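Heads up: the structure comes next, in C-alpha cells.
The values are calculated or read from the model by the stated rules, or taken from the named source; none is laboratory data. Since we're looking at a predicted model, the values are computed, not measured. Quick reminder, even Gly has a Cβ in these numbers, built from the backbone with ideal geometry, and neighbours come from all protein chains shown.
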Amino acid sequence: MHIFRFSRKTLGIPYALFLLLFVVSPLIVLFYYAFTNGEGQFTIANFTGFFTDPNTMGTLCYSFAIALVTTLVCLLIAYPVAYILAKSHLKKKSVLVMLFIMPMWINFSLRITALKEILTLIEGNLAYYPFLNAVCGMTYDFLPFMILPLYNTISKLDDSLIEAAKDLGANDRAAFFKITLPLSVPGIVSGVSMVFLPAMTNYVVLDMLYNSTYIMGSLIGSYFAAYNWHGGSMIALILLAIICAFTLLRRGMEDDDQTIGGALL
Amino acid sequence: MRKNIFVKLCAAVLICLMITSLIPAQDVWAAADDKEKIVLRVCNWEEYIDLGDWDEEETIDLESGDIIGENSLVEDFEEWYYETYGKEVVVEYSTFGTNEDLYNMITLGDVYDIVCPSEYMFMKLMAEDKLVPLSDDFFDEADENNYYVNGVSPYIRNVFDNHQIGGEPWSKYAAGYMWGITGIVYNPEVVSKEEAATWRILDNPKFKRQVTIKDNVRDSYFAAVGALKRDLLISDDFKSAPDYSVRLESEMNDVSEETIQKVQDYLQDVKDNVYSFETDSGKSDMVTGKVVANYQWSGDAVYSLDQAEEDDFILNFAVPEESTNIYFDGWVMLKCGVEGDPDKQHAAEAFINFCSRPDNAIRNMYYIGYTSVIAGGDDERIFEYADWCYGAEEDEEDVVEYPLGYFFSGDAEDEDYYITAPAEQLDRQLGAQYPSADAMARSSIMVYFDNEKNDAINQMWINVRCFNIYDVPVWAWVLTVCVLCVLGWLFFRAKQREKMYK
C-alpha cells in the first residue's frame, strides 16, 4: 500500500468529481429518458417523433432563424468595434474594452427589463414586433461574447504581414480582405459559436420581451410541464448533438485555417 | 502508480456516494435526533402563507381584538402544537411553483407529508391513489381545536362533499385552504365594464395587442371555451334551466375532439391579438399602461388592485358573464410521507386546523391577498375582517348592501352577513375577494382530465405556441437554398485555392 502523496494530479480530483456528478450522471439520465417510453421500454419513437412533428421542426427553424439573425447582427456590430479597438493607439484601450464588457456585470434580467422600456419608447407597442424584439434582446445580451474573441484575435495579428502586403502593392482594402479578415477567422468562429448556440435556447429573453412563440428552450419546458419527460429529453439530446456537430465543424475549420494561413505565408 | 491512486480514490468516493444514496437521508439524521420530535414536511405554493414580521401600523384592529403577524405562521404552529398537544414538531417548509412541478417532484421521489395543490391536481393524486384520507377525528365537531371542520364555509364544504373522484368525495382526502375565481382586471378609463366582463375581450380587435392572457394551458382552455360557447352560455333558456349548474359544468369541461380543435383555432387568433401570454408581468404592465386588461386569478387581482392603488392607479375587476372558473387549493396528505405514522398524521391535520383558525386565516388573507375557505363558523372575526377591509365609512353616500350569506352561513339572504360597502368596491377588491352571489352562480370548476384527454389538450397548446414548419414562407426556403449554394461555392473555391498554393 502506497502512502498517499500529494501530486499535481490530485488537484484534478475535485473537478473529476464535479464532472461525474454534474455532467456525466445527468447525461446518463438524459439518455435513459430520451430512449425510453412511459413504460420504461426502449424506443426510438421520440427520435423519429422529433423529425416528423411539424411543431418541433418549425420551432427548430424559428430558433435557427433567431439565432442566425442575432449572430449576423452581433458580427456586424462587433467586428468594426473590435477592429477599431485593436488597431487604435489609444493609451487607455483597456478602459474602452471594459466599457463594452461592463454590461455583462449587470444582472441579466435587469438589463432586459430596461431594454423592454427602451424598446417600448421606440416601438410604441412591443407586441407587434416579436421577432425584432427577440433579436434585439439577444444581441444586447450576447454582444460582449462576440467582441471579446474578435478583439483578442485581431490585436494579436502581426502588423508586419500588412506592411508586407502594402510593400507588395496592396491597397488598404485589399490588405484588409486578403490578410486581416482571413486571419481573424478563428476569432469569428469562436465568437459565432459563443453567440449562436445560446441564442437558440435562451427563451427567457423571449418571455420577457413578450414573444409568445416557443423556441427550443421553452419547447423543452412545455414538454416537461406536460409530464412528457421522454420527448423533452430527446429534444435536449438533439440540441446537444447539434452543438457537438458545430464544435466538430469549428475544429475542422480551424485546422483548415492553419493550412490556409501557412499557404499565405 | 499515481493513476492507480486516483482511480482508487474515485472509486471510493463513488462507493460512498452510492451507499449514502441508498439510505434515506432523514433516517440517519432522525436517529441522531431526539426520537420524540415529529418532523412534518410541508410543501406549499410560493408566497402562500404569512411569514410574519409585520409593521405595527399593519395591525388589523377588529372589534374583537387586534391581529398581527409577528412570527411566521409556521413557527407559531410549532409553538401552538407543543402547547396544545405536548409534543414537539419541526416543520420542514418548502415551496413549489406550479402544480405540474409539484407532481414531477413527487413522482421523482421527493417525500412530503402534506402539500397544497389546486383542485385538479389533488383530483389527479386521488385518482392515482397517492393520498391518505383525513381521519375521523379531523371531522369531530366537538373538538374545539378542529378549526377546519368548525369554521369552513358551508359553500366550500358543499363543493368538497359533492364533487367526486372514483366514487369518493374530495372532502375525504382534501381540506380547503384558499379559493377564488378567474376574471379580468381592467383599466376603467379605457375599457368599459361590458367590454371587460366577457372572455371575448381576448380577441376583441378594439384592444389589439393590449390584453394579456395567462401562460397556462388550463386557464387558457377555460377562457377559450367560455368565449366560444358565449351565445349558449348567456342565453336565457340555458340560464333558467333547472339543472343549470350541472350543465354549465359539463359545457365548460367539454374536451371533445371537436371542441379542442375549435379552442386551438380560437387561441391561435388570440395569440395574434393579445399582448402576451404572461406569468407575472401583468400588474406592472397595467400600471405602466402597456396593457389595459389582463386575465387574472381573483387572489392576484386583489393584490394587483392594492398595488396599483398605492401608485394612485385605479383598476377594476370583472367576472366574465359566460362563466368563471372557481378554483381551490387544498391540503392533502401524501401516502409516501404520512402512511403508517399516526403521530405525523395528527401533526399534519393539526397543521390544517391551525391554518384554519380564524385569526390565522385572516393573517394569511392579509398577507397573500387570496380568500380563505374559512368563514369562521361561530367565530365572527372573518366577517369582521371583510367588513374592516371593505365596509363603507359612516359618512359615505354611494353605498350598497352586499350580501355574503352564501359564503358565511349558507343562506344567501341571511341579513347578518350584509356588508355595507362603497358602490365602487363591487368592481374592485371586494368583488374579487368575495365574489357576488351572482358571479358564483355562473362559476364552474374545471375537473382533471384523464391522461388521453390531457395529452390532447397539451398537444393543442404546443400547436398554438409553436411555429409550424408548414408556415415557413416560400421565400424563406428559396433564400435558405440560395445562401447554402453560395456558401458551398465559397467553400469549394477556398479548397481549390488551397490546392493551387500547395
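Only one of A:113, A:201 is surrounded by fewer than 20 Cβ atoms within 10 Å (Cβ to Cβ), closer than 30 Å to residue A:55 by Cα and in contact with a Leu (Cβ under 8 Å, 6 or more places away or on another chain). Can you tell me which?
Only one candidate qualifies: A:201.
With respect to residue A:227, determine if the residue is aromatic (Phe, Trp, Tyr), within 25 Å of residue B:103 (Cβ to Cβ) and at pLDDT 90 or above.
no
Here is a check on your reading of the model: is residue A:243 in contact (Cβ under 8 Å) with a residue 24 or more places away in the chain, more than 14 Å from every other protein chain (Cβ to nearest Cβ) and assigned to a helix (DSSP H, G or I)?
yes
Assess whether residue B:115 counts as being over 25 Å from residue B:406 (Cβ atoms) and modelled with pLDDT of 95 or more.
The answer is yes for residue B:115.
Specify the residue that is surrounded by the most Cβ atoms within 10 Å (Cβ to Cβ); the eligible residues are those in the stretch A:95-108 that are at pLDDT 85 or above and of a type outside the set (Phe, Trp, Tyr).
It comes out as A:106.
What do you reckon, is residue A:135 out of contact with any Leu (no Cβ under 7 Å at 6 or more places or on another chain) and more than 14 Å from chain B (Cβ to nearest Cβ)?
yes
For residue A:112, state whether it is of a type outside the set (Ser, Thr, Tyr), within 21 Å of residue A:218 (Cα to Cα) and under 20 Å from the mean Cα position of the chain (by Cα).
Criteria met by residue A:112.
If residue A:41 meets every condition in (1) surrounded by 11 or more Cβ atoms within 10 Å (Cβ to Cβ); (2) away from every other protein chain (no Cβ under 11 Å) apart from one, which number is that one?
(1)
Please determine whether any residue of the stretch A:182-190 is under 18 Å from residue A:82 (Cα atoms), within 10 Å of chain B (Cβ to nearest Cβ) and either over 17 Å from the mean Cα position of the chain (by Cα) or at pLDDT below 90 (or both).
yes
Restricting to the stretch A:46-98, count the residues that are within 22 Å of residue A:190 (Cα to Cα) and away from chain B (no Cβ under 14 Å).
Result for the stretch A:46-98: 20.
If you go through the stretch A:3-10 one residue at a time, do you hit one that is part of a helix (DSSP H, G or I) and within 16 Å of residue A:232 (Cβ to Cβ)?
No: zero hits.
Criterion first (at pLDDT 90 or above, closer than 27 Å to residue B:276 by Cα and surrounded by fewer than 17 Cβ atoms within 10 Å (Cβ to Cβ)) does residue A:131 satisfy it?
Considered against the rule, which asks whether it is at pLDDT 90 or above, closer than 27 Å to residue B:276 by Cα and surrounded by fewer than 17 Cβ atoms within 10 Å (Cβ to Cβ), residue A:131 comes out as yes.
Looking only at residues that are modelled with pLDDT of 85 or more and not in a helix (DSSP H, G or I) in the stretch A:200-211, which one is farthest from the other protein chains (Cβ to nearest Cβ)?
Filtering the stretch A:200-211 for residues that are modelled with pLDDT of 85 or more and not in a helix (DSSP H, G or I), the one farthest from the other protein chains (Cβ to nearest Cβ) comes out as A:202.
Determine whether residue B:476 is assigned to a helix (DSSP H, G or I), small (Gly, Ala, Ser), within 10 Å of chain A (Cβ to nearest Cβ) and closer than 30 Å to residue B:277 by Cβ.
yes
Being of a type in the set (Gly, Ala, Ser), over 18 Å from residue A:243 (Cβ atoms) and either in contact with a helix residue (DSSP H, G or I) (Cβ under 8 Å, 6 or more places away or on another chain) or within 9 Å of chain B (Cβ to nearest Cβ) (or both): is that true of residue A:7 here?
When the stated conditions are applied, residue A:7 passes them.
Does the stretch B:265-277 hold any residues that are within 14 Å of chain A (Cβ to nearest Cβ) and either buried (at least 21 other Cβ atoms within 10 Å of the Cβ) or modelled with pLDDT of 95 or more (or both), and which are they?
Within the stretch B:265-277, B:267, B:270, B:274, B:275, B:276, B:277 qualify.
Which one of the conditions (1) of a type in the set (Gly, Ala, Ser); (2) under 26 Å from residue B:76 (Cα atoms); (3) not in a strand (DSSP E or B) does residue B:340 fail to meet, given that it meets all the rest?
Of everything listed in (1) of a type in the set (Gly, Ala, Ser); (2) under 26 Å from residue B:76 (Cα atoms); (3) not in a strand (DSSP E or B), residue B:340 misses just condition (2).
Which ranges mark the helices (runs of 4 or more DSSP H) fully within the stretch B:414-465 that have 3 or more residues being among the hydrophobic types (A, V, I, L, M, F, W, C) and either within 13 Å of another protein chain (Cβ to nearest Cβ) or free of Cβ contacts under 8 Å to residues at least 60 places away in the same chain (or both)?
So the answer is B:451-465.
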